[in-house]
Amino acid sequence: MKSNLDKKTNMDELRHIQYDLEDAQALLENLLHKLRTADERYLCLKEYLRRNPIEIE
């Protein structure tokens, strides 16, 4: 009986860990997407400024 309880507890812990890992992975994918978007915007701005230089007084 103790063995069955230990197995059930371990399965519950594994499910929690799996959920946490999936949540962390989703967060990292979201952050990566935002970083890629920011990088693309930076490159566009950099190219725009190269083509249209701003004179600083």
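Computed from the coordinates by the stated procedures, all read-outs in this text should not be read as laboratory data. Only a predicted model underlies this, so the values are computations on that prediction, with no experimental measurement involved. Glycine gets a Cβ as well: all are built from the backbone with ideal geometry, and neighbour counts include every protein chain shown.
At a glance:
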{"quantity": "Rounded to the nearest 20 debye, dipole of the chain from Cβ charges on Lys, Arg, Asp, Glu", "calculated": "160 debye"}
{"quantity": "The range 34-48 - phi-based ³J(HN,Hα) in whole Hz, Karplus 6.51/-1.76/1.60, Gly and Pro as x", "calculated": "5, 5, 5, 4, 4, 5, 4, 5, 4, 5, 5, 4, 4, 5, 4"}
{"quantity": "Answer label for Cα extents along the principal axes in Å (calculated), chosen among (1) 38, 19, 18; (2) 43, 18, 17; (3) 81, 18, 7", "calculated": "(3)"}
{"quantity": "Helix-only mean residue ellipticity at 222 nm for the chain, each DSSP H run of n ≥ 4 adding -39500 (n - 2.57), per residue, nearest 500", "calculated": "-33000 deg cm²/dmol"}
